[in-house]
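Quick notes on the structure that follows.
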Amino acid sequence: MLLPHEVDAVGRLRVPEAGDPLRILVSACLLGRPCAVDGTDSGMGGALGDLLDLPTVRVIPFCPEHHGLGTPRGMPDIHGGDGRDVLDGRAVVRDEHGNDLTAGMLAGAAAMLAVARQHAVELAILVDMSAACGSQVISDGGRLVAERRYRRGVGVATALLLRHGVPVVSQRDHRTLGRLRERLQPGFVADPGARDHHETDWYRGYFGAGT
Ligand code: SF4
């Protein structure tokens, strides 16, 4: 299996208590913040249900693209690789007009890592398919085209967090999020049929079964 993120990271997290909640860095749009490219939350608000309201959770929200590029902004997508390649200078980030947004994306990622360190975050839950926050799938080149293409990979901010030891889970990794909730909420029983993004029919159909 060729996965960009670490499947079992949640299993190594401590079991928190209300007086010492798990410190979770969260894509700000997942909290309904209007930080997406068009100045909305891109429909992400509430995607995690009441998971973040548990007393065993302390939420640290951040939007790396807003920090590095402002809002509203062009649509950033990675050309020539994924976020790890951007960090290493092998790929660039461009918007739909061809403007090079690489420097702003790197600045946003660095700021997100600084916040993670400041709050000693233990886990990040980020929005998949984002050029900054993606952790399983990103666009392969610009997405605002007639036929959008995808690649397995991580966004720029995710790449930097992973490189510095912060585990990242996406809002689409329902099986992992269920396991997380079992750690956060005594007595909670996760849906045994829930699947992570890489286990979905779409993922397997697009990238091939067994990937
Ligand atoms: S960069 Fe991340 S936090 Fe910001 S809008 Fe995109 S997915 Fe949400």
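Throughout, read-outs are computed from the coordinates displayed, never taken from laboratory work. Quick caveat, the model's predicted, so the values are computed rather than measured. Counting neighbours? That spans all protein chains shown, and the Cβs are built from the backbone with ideal geometry, glycine included.
Scan region 27-65 for residues that are of a type outside the set (Asp, Glu), out of contact with any Lys or Arg (no Cβ under 7 Å at 6 or more places or on another chain) and farther than 17 Å from MET129 by Cβ and the total you get is 14. Contact annotation: residue pairs with Cβ atoms under 6 Å, 6 or more positions apart or on different chains, pairing a residue in region 117-139 that is among the acidic types (Asp, Glu) with a partner that is within 11 Å of the ligand (Cβ to nearest atom) and part of a strand (DSSP E or B), are ASP128/SER170.
Take the residues of region 55-72 that are of a type in the set (A, V, I, L, M) and within 15 Å of the chain's Cα centre (by Cα): which is nearest to VAL115 (Cα to Cα)? Checked region 55-72; the qualifying residue nearest to VAL115 (Cα to Cα) is ILE60. One residue alone among GLY153, GLY165, GLY193, GLY205 is surrounded by fewer than 18 Cβ atoms within 10 Å (Cβ to Cβ) and on the phi > 0 side of the Ramachandran plot, and that residue is GLY165. Of the residues making up region 11-28, those that are of a type in the set (A, V, I, L, M) and more than 16 Å from the ligand (Cβ to nearest atom) are LEU13, VAL15, ALA18, LEU22.
Scanning region 107-130 for residues that are more than 16 Å from VAL7 (Cβ to Cβ), within 9 Å of the chain's Cα centre (by Cα) and either of a type in the set (A, V, I, L, M, F, W, C) or surrounded by fewer than 24 Cβ atoms within 10 Å (Cβ to Cβ) (or both) yields a count of 2.
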